[in-house]
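Peer 1: I am attaching a structure below and will ask some questions about it afterwards.
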Amino acid sequence: IHKVKMLNDAGQYVYSANSGAVVVSPPGTAGSGSWTSGALGGVQRVEELRSFFSALKAAGTKLTIITKGNVGACKYLMEHEGLLSFFEEVYGMVGLFYGESAFDQEHQEVSPYEGTAQNTLNDSKANLIRKLMAAEGNAENGAVLVEDDPAEISSVAGICRSVFVSERKGMTGKELAELKKMAGIAPGPPAGKAAGAVPPPPPAGAAGICKSGAPVPGAPAGKPSGAAPPPPPGKPAGAAPGGPPAPGAPAKPAAAVPAAKVVPVPAGAKVPGPPAASPSSGVKHIYFD
């Protein structure tokens, strides 16, 4: 934890897609940020993850981290980037599981991010997920493990669903979209097109042109397709049913609307209400490596 904090305090960093590493960047470099943001893939990716986790939480999906790394370092990293609050819990290794280095011996200050016995992963990930699912009454289709280790993916077969991150460089757009679909989140509009955008009006003098803009077959050349034909001789314009009355013509009273038929309900009779909403089929809990 103290090592990560020192890296954050030391300067600015960016994530290098070429090397897959967090590298120091000169001050003022576009896209640079803390070491922890670089460890998550960069400043822009942190915001993408924030939006992704927010959408899952809004859909009622619980999120948990199960890692074989150090719980304290993971919690500090996620908290520093404002992402820890999205998660129910972080499970992993605590205390001196990975030993104690000379740096650790020189930095013994207690951190609030250190894991406790409650956070300890003292069993396989599959068995921990099984226990957590049983405590929540969650079925196999209601939980999913996100992993980049094929062995861990195989271990949860028959326990819960899984999403395999094959590139082992963090979740890509493919995995994010798959998880949103599992959670019952509708995909957004295509890039560059606003949701529900209204098409522009047709050019002047072309009223009635079909939506595709193609001319109606058989329309005379030079005439806007679909243009209204002239009124028949001797008949005032607008005299067609539904059209506006001709100038000076007496107004026609609107047709009377018949009153709705009221069916009396016997006293004590049970009036059926609206149909109950069907329960969501989306996953209820996602476990991230």
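The values are calculated or read from the model by the stated rules, or taken from the named source; none is laboratory data. Everything numeric here is computed off the predicted structure, so don't read it as measured data. Here Cβ is always computed from backbone atoms with ideal geometry, including for glycine, and neighbour counts include all displayed protein chains. Note: accessible area is taken over every heavy atom of the protein model, side chains too, but ligands, DNA and RNA are not part of it. Shrake-Rupley method; radii C 1.70, N 1.55, O 1.52, S 1.80 Å.
Peer 1: Over the Cα atoms of the stretch 62-131, what is the Rg over Rh ratio if Rh follows Kirkwood?
Peer 2: 0.99
Peer 1: Also, I was wondering about something else. Would you mind computing, in nm to one decimal, how far apart the modelled labels at E48 and S124 are, each placed 7 Å from Cα along Cα→Cβ?
Peer 2: 3.3 nm
Peer 1: Determine, at each q value in 0.14, 0.22 (inverse angstroms), the log₁₀ of I(q)/I(0) that the Debye formula gives when each Cα of the stretch 23-161 is one equal point scatterer.
Peer 2: Listed by q, the Debye log ratios stand at -0.80, -1.43.
Peer 1: Same structure again: What nm distance separates the two modelled labels at S166 and E100, each placed 7 Å from Cα along Cα→Cβ?
Peer 2: Distance between label points: 4.5 nm.
Peer 1: Next question, about the same structure. Heavy-atom accessible area of K57 with all protein chains present, probe 1.4 Å, nearest 10 Å²?
Peer 2: Roll a 1.4 Å probe over it and K57 shows about 70 Å².
Peer 1: Roughly how many Å² of D149 are accessible to a 1.4 Å probe, to the nearest 10?
Peer 2: For D149, solvent-accessible area is about 50 Å².
Peer 1: Go through K68/K181; K57/K180; K3/K125; K62/K125 and tell me which ones have a Cα-Cα distance over 21 Å in this structure.
Peer 2: From K68/K181; K57/K180; K3/K125; K62/K125, over 21 Å: K68/K181; K3/K125.
Peer 1: For a bin width of 5 Å, list the pair-distance distribution of the stretch 108-192 built from all Cα-Cα distances, rounded to whole %.
Peer 2: 3, 11, 18, 17, 18, 15, 9, 5, 3, 1, 0
Peer 1: Once you put a point 7 Å from the Cα of H2 and another 7 Å from the Cα of T67, both along the Cβ direction, what distance in nm separates them?
Peer 2: Taking the two extended label points, one gets 2.0 nm.
Peer 1: At 1.4 Å probe size, with no ligands or nucleic acids counted, give the accessible surface of L7 in Å², nearest ten.
Peer 2: Solvent-accessible area, nearest 10 Å²: 50 Å².
Peer 1: Okay, next question. Between A58 and Q108, what length in nm is gained on full extension when 0.36 nm per residue of separation is reduced by their alpha carbon distance?
Peer 2: 14.1 nm
Peer 1: Could you work out how far the C-alpha centroid of the stretch 59-101 sits from that of the stretch 130-169, in angstrom?
Peer 2: Result: 18 Å between the Cα centres.
Peer 1: Compare I66, I185 by solvent-accessible area with a 1.4 Å probe and give them largest first, with all protein chains kept in place.
Peer 2: I get I185, I66, largest accessible area first.
Peer 1: Taking a probe of 1.4 Å, how large is the accessible area per residue of the stretch 1-146, in Å²?
Peer 2: 53 Å²
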